[in-house]
Amino acid sequence: MAAERSNGRYWWLWGLITLAIVAALAWVLLRDEDKTLFMPGPLSDGHHQLAERCDICHGEAMAGEEVIQENCVECHGEDRVKPFDSHPRSKFRDPRNADRLEKIDALRCVTCHTEHKSEITRKDGVTQPRDLCSHCHADIAEDRPSHQGMAFDTCASAGCHNFHNNRALYTDFLVKHMDDTDTRRDGRVPPRGFHEALEEILTYPRDRYPLQPVAAAAVDMPADLDRSEGMNADGIRHWLQTAHARAGVNCSACHQGGDAQAPWRPRPDPKSCGSCHDQELDRFGKGKHGMRLAAGLPPMTTDRARLPMRSDAAHESLDCNSCHKAHDDDVVKAAVEACEGCHDDRHTRAYRNSSHFRLWQAEVLGSAPPGSGVSCATCHMPRVERDISDWSSRIVVDHNQSANLSPNTKMIRGACLHCHGLGFSIDALADRTLVERNFDGRPGIHVQSIDLARKDQENYLKELKGSPGEKR
Ligand code: HEC
Ligand code: HEC
Ligand code: HEC
Ligand code: HEC
Ligand code: HEC
Ligand code: HEC
Ligand code: HEC
Ligand code: HEC
Ligand code: HEC
Ligand code: HEC
């Protein structure tokens with residue numbers, strides 16, 4: 001009897017505890033507190049920074065699968081179309097390809113990139129096995145005899161193909177570049193384009209900040225400003241030499257949001273830069289440096305990183321000023337020293353041994369022409385042509401340092417090809433140890449893509465020549 005009664009009491013207790021837990025979790029969920037308790041597993045490397053924003057993928061109140069899909073496309077849609085993607089969704093809406101979806105539903109992003117499953121998550125957040133291409137390309141060896149005997153787990157792991165972006169790997173591109181020399185001594189990256197494009201930027205506030213040097217007497221800081229922190233007479237003199245002051249950008253442009261009547265903000269945020277540098281702000285928000293700011297969260301800090309960071313940079317946060325000093329818009333320091341101030345992996349540490357660094361030093365010292373050096377930014381923040389309106393484009397410094405990182409063949413067109421041949425670049429990027437040594441040495445790997453393309457091209461030309469003769 002006694003035992004039964006105490007059992008009953010335990011049930012009662014158990015029920016109460018469960019209720020308390022549910023209530024506590026619900027309270028956490030409804031308030032702005034750590035919701036990661038509810039995650040079935042950690043987020044992938046690409047999204048771990050967004051863990052405070054479940055809704056950014058799941059929508060409000062954990063909506064269904066369609067909402068997740070819409071959100072994937074909301075953030076990544078720009079790249080998931082032709083010509084940036086060789087397997088866009090439109091390809092699979094084509095009825096002729098419908099049968100391929102029976103094996104693997106390529107219309108849904110989560111088929112290949114689900115979340116919270118670290119045990120099956122590979123590089124690039126891929127959650128399908130390496131041989132996934134076999135589902136749809138089982139007949140490749142019949143269609144292309146050159147591919148006889150190749151294993152399906154090598155299609156995308158050996159520098160030959162990617163699932164999405166193949167812009168440097170298409171057969172006709174390979175053929176066009178099959179006789180490139182390895183390294184061109186006269187190779188240059190294009191000059192930055194903001195200054196030249198200013199005239200065309202309609203939104204530029206030139207009425208308030210005409211493009212002429214700010215005169216010492218016209219500096220528009222408030223009379224009662226606390227100038228103990230660097231902005232004394234010397235500071236101002238130094239500031240008058242910056243690119244901003246020489247282009248007419250006065251104190252109020254950053255500190256008062258462009259309105260000299262507005263209150264003085266001691267620490268202007270990235271949005272205040274964005275009023276004139278919208279391209280830079282937009283791209284910054286799409287990569288790992290700026291994705292938290294773009295999602296309305298406090299900025300990324302080094303202590304949250306999964307990549308190795310310097311211990312003396314703990315808690316450094318990421319905004320425009322992480323690389324550009326507030327009153328010294330020197331882009332040289334931003335391109336190497338700033339990066340080295342936070343990053344601490346072998347690849348980063350190896351950079352100063354590379355011939356690229358020597359080229360960069362020569363450019364900075366003025367003993368080599370502009371554009372001939374290779375900084376961290378030359379590869380990770382390349383100067384690329386972008387549309388800035390429906391009718392014009394300019395060379396923009398791509399502030400999304402994730403955009404060309406992986407698969408790394410995306411780096412070829414925007415960076416390497418300015419100075420190297422295609423075959424050399426493919427080989428160098430496929431060599432993992434060489435990447436780790438930051439390209440200090442020649443590639444020790446040879447990818448066969450160009451050889452295969454050359455053979456196909458020769459066969460094609462032979463057939464073209466041979467066929468009329470055979471007919472007769
Ligand atoms: C980057 C996008 C993303 C973020 C951010 C995210 N999730 Fe998810 N979550 C997913 C995806 C994708 C799935 C798998 C859906 C599928 O396979 O159909 C998933 C599945 C789940 C599931 C399993 C139930 C289900 O709907 O399948 C839970 C529970 C969950 N997430 C909770 C969370 C919580 C809590 C957070 C915030 C702390 C969060 N998630 C943040 C993308 C995300
Ligand atoms: C709020 C915008 C946002 C949403 C929503 C979002 N992503 Fe991302 N995603 C990013 C950013 C930013 C990165 C990091 C930069 C990069 O790798 O492009 C990223 C990275 C990735 C990566 C690369 C992962 C890696 O390890 O490098 C994949 C794959 C990906 N996202 C797929 C998805 C899928 C699938 C969904 C929907 C479930 C989704 N994303 C939802 C912004 C978003
Ligand atoms: C059939 C499988 C498959 C589907 C479906 C798929 N992906 Fe991918 N995704 C991959 C593979 C494989 C990679 C690895 C890099 C590569 O091969 O391009 C990748 C890489 C990525 C990356 C990181 C590299 C890059 O090129 O940007 C992002 C972001 C991404 N996918 C987003 C998406 C989004 C968004 C969708 C839905 C619109 C989607 N993927 C649908 C297989 C898939
Ligand atoms: C869901 C089915 C599906 C999967 C999975 C798939 N493909 Fe494809 N792929 C297609 C279709 C459909 C085409 C266009 C018709 C064709 O050429 O057969 C295509 C075309 C191609 C092409 C030639 C044309 C082009 O535009 O580049 C290559 C190369 C290619 N795929 C490589 C791959 C690789 C590598 C993988 C694995 C990472 C892969 N595919 C996975 C369906 C798929
Ligand atoms: C291009 C934008 C920009 C312009 C123009 C600018 N500032 Fe700043 N200023 C900043 C930013 C950003 C910070 C915050 C730096 C930080 O958080 O470390 C800052 C910080 C300051 C500070 C705080 C102390 C310090 O130096 O960090 C003072 C004082 C200051 N600015 C005064 C001025 C004065 C006076 C002018 C005009 C002569 C001026 N600023 C022009 C962007 C600007
Ligand atoms: C009122 C418009 C305006 C605002 C606000 C503004 N800038 Fe600028 N910025 C310019 C102009 C104009 C130039 C071009 C100077 C030139 O090349 O002649 C420039 C150039 C730059 C450069 C390149 C310098 C060089 O040496 O070529 C950097 C870096 C920069 N800005 C960063 C910032 C940051 C960071 C902020 C916010 C703290 C900011 N800017 C706010 C107008 C602005
Ligand atoms: C204030 C510190 C800081 C500075 C300065 C900085 N980074 Fe980063 N970087 C980070 C953090 C934090 C991440 C995100 C790591 C993570 O999510 O694990 C990151 C990520 C990256 C990534 C990986 C992107 C991806 O999609 O995986 C690259 C590449 C990178 N940074 C290059 C650079 C370069 C090049 C510079 C200089 C031009 C630079 N960083 C300057 C802190 C910094
Ligand atoms: C990770 C470091 C880093 C961060 C963070 C960063 N920049 Fe830059 N930025 C650079 C480098 C490096 C260059 C010069 C690259 C070159 O010379 O090719 C540059 C160049 C620029 C230029 C000159 C562009 C041109 O075409 O002349 C502007 C403007 C600029 N940045 C604004 C910003 C703004 C606004 C932000 C914040 C939203 C920001 N930057 C954040 C590293 C950074
Ligand atoms: C010649 C081009 C080049 C130069 C110069 C360069 N990198 Fe890289 N970086 C790469 C490539 C390629 C990768 C590898 C991408 C991959 O294969 O996943 C990479 C990867 C990275 C990563 C990501 C590491 C990871 O594990 O995801 C970081 C961070 C990085 N680089 C920072 C830097 C910094 C900081 C500098 C300057 C000190 C620099 N890089 C110089 C080409 C370059
Ligand atoms: C602005 C021009 C330029 C760009 C951009 C550039 N490089 Fe280089 N690179 C050179 C030059 C010039 C050399 C030869 C330096 C020397 O031998 O003194 C070199 C050397 C190399 C080497 C070492 C070769 C050796 O013999 O030691 C490798 C590997 C390499 N580059 C790979 C790359 C890759 C991969 C990229 C793109 C991610 C790239 N480079 C981008 C100009 C460039």
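The values are calculated or read from the model by the stated rules, or taken from the named source; none is laboratory data. Remember, predicted model here, so these are calculated numbers, not experimental data. In this analysis, Cβ positions are derived from the backbone assuming ideal geometry, glycine residues included, and neighbour counts consider all displayed protein chains. To get the accessible areas, we keep the full protein, side chains included, count just its heavy atoms, and leave off ligands, DNA and RNA. Shrake-Rupley method; radii C 1.70, N 1.55, O 1.52, S 1.80 Å.
A few points about this structure:
- Among the residues making up the stretch 309-324, those that are in a loop (DSSP other than H, G, I, E, B) and surrounded by fewer than 14 Cβ atoms within 10 Å (Cβ to Cβ) are Ala314, His315.
- Against the criterion of being open to solvent by 40 Å² or more (accessible area, probe 1.4 Å) and hydrophobic (A, V, I, L, M, F, W, C), Ala51 does not qualify.
- Just one residue in the set Leu198, Leu211, Leu202 is exposed (fewer than 15 other Cβ atoms within 10 Å of the Cβ), within 16 Å of ligand 5 (Cβ to nearest atom), part of a loop (DSSP other than H, G, I, E, B) and not small (Gly, Ala, Ser); that residue is Leu211.
- Residue in the stretch 371-384 that is over 23 Å from the mean Cα position of the chain (by Cα) and at pLDDT 95 or above present: yes
- Residues that are within 16 Å of ligand 9 (Cβ to nearest atom) and out of contact with any Phe, Trp or Tyr (no Cβ under 6 Å at 6 or more places or on another chain) within the stretch 285-302 comprise Gly287, Lys288, His289, Met291, Met300, Thr301, Thr302, listed in sequence order.
- Residue within the stretch 215-236 that is surrounded by fewer than 16 Cβ atoms within 10 Å (Cβ to Cβ), modelled with pLDDT of 95 or more, away from ligand 9 (no atom under 16 Å from the Cβ) and of a type in the set (Lys, Arg) present: no
- In the stretch 249-259, residue nearest to ligand 9 (Cβ to nearest atom) [restricted to those that are touching a residue at least 40 places away in the same chain (Cβ under 8 Å) and part of a loop (DSSP other than H, G, I, E, B)]: Val249
- Exactly one residue among Asp451, Asp456, Asp440 is open to solvent by less than 70 Å² (accessible area, probe 1.4 Å), over 20 Å from Arg349 (Cβ atoms), out of contact with any Lys or Arg (no Cβ under 6 Å at 6 or more places or on another chain) and touching a residue at least 24 places away in the same chain (Cβ under 8 Å), and that residue is Asp456.
- Taken over the stretch 90-112, the criterion of being part of a loop (DSSP other than H, G, I, E, B), over 24 Å from the mean Cα position of the chain (by Cα) and in contact (Cβ under 8 Å) with a residue 24 or more places away in the chain is satisfied by Lys103, Ile104.
- Meets criteria (within 24 Å of Gly46 (Cβ to Cβ) and either surrounded by fewer than 20 Cβ atoms within 10 Å (Cβ to Cβ) or within 15 Å of ligand 5 (Cβ to nearest atom) (or both)) for His327: no
- Restricting attention to the stretch 124-146 and to residues that are in contact with a Ser or Thr (Cβ under 7 Å, 6 or more places away or on another chain) and at negative phi, the residue that is surrounded by the fewest Cβ atoms within 10 Å (Cβ to Cβ) turns out to be Arg130.
- When Ser402, Ser393, Ser406, Ser375 are checked against the criterion of being under 29 Å from His277 (Cβ atoms), out of contact with any Leu (no Cβ under 8 Å at 6 or more places or on another chain), surrounded by fewer than 20 Cβ atoms within 10 Å (Cβ to Cβ) and free of Cβ contacts under 8 Å to residues at least 60 places away in the same chain, Ser393 stands alone in meeting it.
- Among the conditions (1) part of a loop (DSSP other than H, G, I, E, B); (2) within 14 Å of Arg206 (Cα to Cα), Ala262 misses just one, which is (2).
- Complete set of residues in the stretch 58-89 that are open to solvent by 40 Å² or more (accessible area, probe 1.4 Å), aliphatic (A, V, I, L, M) and assigned to a loop (DSSP other than H, G, I, E, B): Val81
Yes or no, residue by residue, for (1) of a type in the set (A, V, I, L, M); (2) under 28 Å from Asp79 (Cα atoms):
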{"site": "Gly149", "(1), (2)": "no, no"}
{"site": "Cys155", "(1), (2)": "no, yes"}
{"site": "His164", "(1), (2)": "no, yes"}
{"site": "Arg167", "(1), (2)": "no, yes"}
{"site": "Tyr170", "(1), (2)": "no, yes"}
{"site": "Leu174", "(1), (2)": "yes, yes"}
{"site": "Met178", "(1), (2)": "yes, yes"}
{"site": "Arg184", "(1), (2)": "no, no"}
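- Among the numbered conditions (1) free of Cβ contacts under 8 Å to residues at least 40 places away in the same chain; (2) surrounded by fewer than 16 Cβ atoms within 10 Å (Cβ to Cβ), the only one that Ala305 does not meet is (2).
- Matching residues in the stretch 330-352 - criterion: being surrounded by 15 or more Cβ atoms within 10 Å (Cβ to Cβ) and not in a helix (DSSP H, G or I): Val336, His343, Asp344
- Enumeration of residues in the stretch 280-309 that are within 14 Å of ligand 6 (Cβ to nearest atom), hydrophobic (A, V, I, L, M, F, W, C) and out of contact with any Cys (no Cβ under 9 Å at 6 or more places or on another chain): Leu293
- Close Cβ contacts (under 6 Å, 6 or more residues apart or on different chains) running from residues in the stretch 160-183 that are under 20 Å from Arg442 (Cβ atoms) to residues that are open to solvent by 30 Å² or more (accessible area, probe 1.4 Å) and within 16 Å of ligand 5 (Cβ to nearest atom) are absent.
- The set of residues from the stretch 164-190 being within 16 Å of ligand 6 (Cβ to nearest atom) and surrounded by fewer than 16 Cβ atoms within 10 Å (Cβ to Cβ) comprises just one member, Pro190.
- Flag for Ile388 being away from ligand 3 (no atom under 16 Å from the Cβ), closer than 16 Å to Glu196 by Cα, surrounded by fewer than 20 Cβ atoms within 10 Å (Cβ to Cβ) and modelled with pLDDT under 95: yes
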